[in-house]
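Participant: Dropping the structure in here first, questions after.
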Amino acid sequence: MSNPTGTSGTAPPGEAQGLQLDLRPRDLPMPSQAAIRLIQACTRTDVTSEELGELAASDPALAAELLRVANSPFYGLGREIRTASRAATVLGHRAVRNLVLCVAVRDALTPRSVPGLDPIRHWEDALRRAVSAKLLGKEVGLDADECFTIGLLQDCGLLVMCTLWPDKASEWSRLLACDPDRRYRLERELFGVTHDQVAARLAAAWGLPEDIGALLEHHHEALGEEPTASRGKDKARAVLYCADWLAAVYAVEDKNAAIDACRRLLARHFELDAEASDQLLAQVPRQIEKAALALELKIGSQPDFQEVLRVANLRLSEENLSYQELTMRLENALRERDALAVELNREIELAREIQRSLLPRPTSDEDPVIGINVPARDLSGDFFDYFALDNGDILFNLGDVSGKGMNAALLMAKTTSLFRCLGKRIHDPTELLAQINNEICETTIRGMFVTMVAGLYRPRTDTVCLVSAGHPPALLFREGRLHGSYGAKAPPLGVVENMSFAAEEIDLDGGSLYMFSDGITEARRAGDGPLGIDGLVAMIGALGDAPLRECLSRMVENLRSEPLVLRDDMTVLVVGSRPRAGGAYHATLRIAAEAGELKAMRGDLKQILQCAALPAESLNELVIAVNEACMNVIQHGYGKGGAGDIVLKIAIEPDRLVFRLRDLAAPVDAATLKPRDLAVVRPGGLGLCLMHKVMDEVRYLPPPDGRGNLLEMVKHRGSPQA
């Protein structure tokens, strides 16, 4: 039993009956033998009124009580009945049986012998149920007096249970204050049986008709969803169940719920509206007083239905006030939450601005170092930075702080600030990371660390000195293909104090070095695994010839949208150049250091320079100047008969042409290599004169690994010779 608006909610049919009740007749309260004989005789069809009178006369007290009740205002016969036989004639055998049964219930089922049970409250509860059944029975066309009698017996089983198990009788008051469904569940929990089972045994012991016993036993069983007004066999059972709820309105604490339940039950089972339900409830107190007077039962003053409604409405008002107060508190809490959220968002936005200020500001797509950072949350644990030194070299880094949120953001700010501050005076990446590592080890929160890849980029030689501390590998790409991978050779920063870090020299050779945080490779494809290194390599290879910054933005956007799912901060940093459509063209020639190889070099160089759209005279001058530079390496670098190679790199850019010659001969003193005065007639030096005449810039650069020589010659596209 759970929902008064639907079925009665009892255990499934048959379950209750399956409980074994070891009750013997002597355990049950019994009326007088004369009352039992009279009740049983009334069920016979062949008994006469005279015989009933004789049976009643056998017990003068019973006969007198029968006549007193029959002549009471409660029955309202309109004329006095002087004998039991006359009562049987006027009222009928069935009415006499009901009268006798009411008297028997009053005499046999009294709570005086049970400690803790209040007789007045007991009879008030029983009479409310009886008169509710009588009123409802009359409303729906049943025998009202019989409904009263069965209603009086309806919950008598609870009194018997308290008599049989006096140790649980203290729960009696709590049970009476519950609504019918709740009380039924508590009975099963406390006693292991229910009042309807005990009432059925009592009906059998008293020899009551089977139809009465069946109603007492089954009035709590499910009634179904359809109205019972048209189903005669269920109508009486529905009357008893609904009468239980009508009586509960005057007993339970939550009267609003009980009144609503009555209205729903009467509408469902008898198609009675709320007004009819309230009219029935309003008649209950007056009928209880009449019934108590007829049966000579002592009861207290009964509140009328208007008083019950007033109490119910008062409670409803209190609940509404409590609800309004709770609503007001909730609204205040929401306003406070919103104010705090605004303040928090303001603080987070300030933190975001500080983080953005720590990132280097982009200048142009032609920068040799380009980066992009996309936080997965409001604040990022990833960072990158780069800045130029006085000699033109560029110091750079990319880091990823463990964890997320404010702690990671603060450690990120500290680490990137240390890098920029210390990097102004420490240009060696290995020494720089060692210093930062010690600082983080001293002050960081336990368990937090930073992975970092850092390095020094030398634009003049297109080389990188790279150091990696626990970071994903850096990837070197040339012409859209992967040419190298450079993983970490040390643990992350903040893990081991006084660590030494090893550097790796990388000749970009016109390529681009990609560095990234693990948020890139851990981005997951919908329904698939993470992107991984292989997926990233394929993605970079497919970027095409668009400007590098555009390519990075496109890559990040791809990772932020379906079918890829961003799970972490994403940061990418690229160092070096990249061939662009309509921009620079890069080529490399490797020449054996022999004079006989220069003819082929000149032919290859002419072919390469064709795309520069130079005048024929200028093109020939450039080829001759490069040829002279190669000849100087062969003659004065490797020496006559010396063995070695010359690596020539050509860059055709929108505003200039760049030629770099690298050899592995003995280093030369650049200060001694000067073009001679052409007015002085002597051999030698003419090659340098030609190189300086044709080119706008001629200089020696430090080789990336300190070996050999690196000569750079630059021709500006706007100069007259070009």
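Participant: Pop out the carbon and sulfur fraction of the accessible area of the stretch 455-543 as a percent, whole number, probe 1.4 Å.
Facilitator: Roughly 47 percent of what the probe reaches on the stretch 455-543 is carbon or sulfur.
Participant: Roughly how many Å² of S402 are accessible to a 1.4 Å probe, to the nearest 10?
Facilitator: 20
Participant: Right, here's the next one. With labels modelled as points extended 7 Å from the Cα through the Cβ direction, what inter-label distance (nm, one decimal) is found for K489 paired with E550?
Facilitator: Here the answer is 3.8 nm between the modelled labels.
Participant: In whole Hz and in residue order, list the ³J(HN,Hα) couplings for the stretch 265-277 that follow from phi through the Karplus curve 6.51 cos²θ - 1.76 cosθ + 1.60, θ = phi - 60°; x for Gly and Pro.
Facilitator: Result, ordered by residue: 5, 5, 5, 6, 8, 10, 6, 8, 7, 4, 5, 5, 4 Hz.
Participant: I've got another one for you. Going highest first, how would you order 38-49, 458-469 by mean Cβ packing within 10 Å?
Facilitator: Listed from highest to lowest mean packing, they are 458-469, 38-49.
Participant: Same structure again: Going down the table (K138/K255; K168/K298; K138/K298; K649/K715; K693/K715), which pairs top 18 Å between alpha carbons?
Facilitator: Pairs exceeding 18 Å: K138/K255; K168/K298; K138/K298.
Participant: Apply 1/(1 + (r/R0)^6) to the Cβ-Cβ distance of D338 and C441, taking R0 = 41 Å, and write down the FRET efficiency to the nearest 0.05.
Facilitator: Working from the Cβ atoms, E equals 0.45.
Participant: Determine the per residue accessible area of the stretch 458-543 with all protein chains present and a 1.4 angstrom probe, expressed in square angstrom.
Facilitator: 41
Participant: If you plug each phi of the stretch 599-604 into the Karplus form 6.51 cos²θ - 1.76 cosθ + 1.60 with θ = phi - 60°, what whole-Hz ³J(HN,Hα) values come out, in order, with x for Gly and Pro?
Facilitator: These are the phi-based 3J(HN,Hα) values: 4, 5, 4, 4, x, 5 Hz.
Participant: Let me ask something else. Against the empirical 2.2 N^0.38 Å scaling, what ratio does the C-alpha Rg of the stretch 449-535 come to?
Facilitator: Computed over Cα atoms of the stretch 449-535, the ratio equals 1.21.
Participant: Taking a probe of 1.4 angstrom, what is the accessible area of Y486 in Å², to the nearest 10?
Facilitator: Its heavy atoms expose roughly 40 Å² to the probe.
Participant: Compute, for the stretch 122-191, the length of the dipole vector about the Cα centre, with Cβ point charges of +1 (Lys, Arg) and -1 (Asp, Glu) only. Units Debye, rounded to 20.
Facilitator: 160
Participant: Kirkwood hydrodynamic radius for the stretch 132-286: how many Å is it when counted over pairs of different Cα atoms?
Facilitator: About 15.9 Å for the stretch 132-286.
Participant: Ok, one more. In the stretch 246-303, what percent of the accessible surface is made up of carbon and sulfur (1.4 Å probe, ligands and nucleic acids excluded)?
Facilitator: Carbon with sulfur: 45 percent of the solvent-accessible area.
The values are calculated or read from the model by the stated rules, or taken from the named source; none is laboratory data. All of these numbers come straight from a predicted model, not from anything done at the bench. Here the Cβ is made from the backbone with ideal geometry for all residues, glycine too, and neighbour counts use every protein chain on show. The area values use the complete protein model at the heavy-atom level, side chains included, leaving out ligands, DNA and RNA. Shrake-Rupley method; radii C 1.70, N 1.55, O 1.52, S 1.80 Å.
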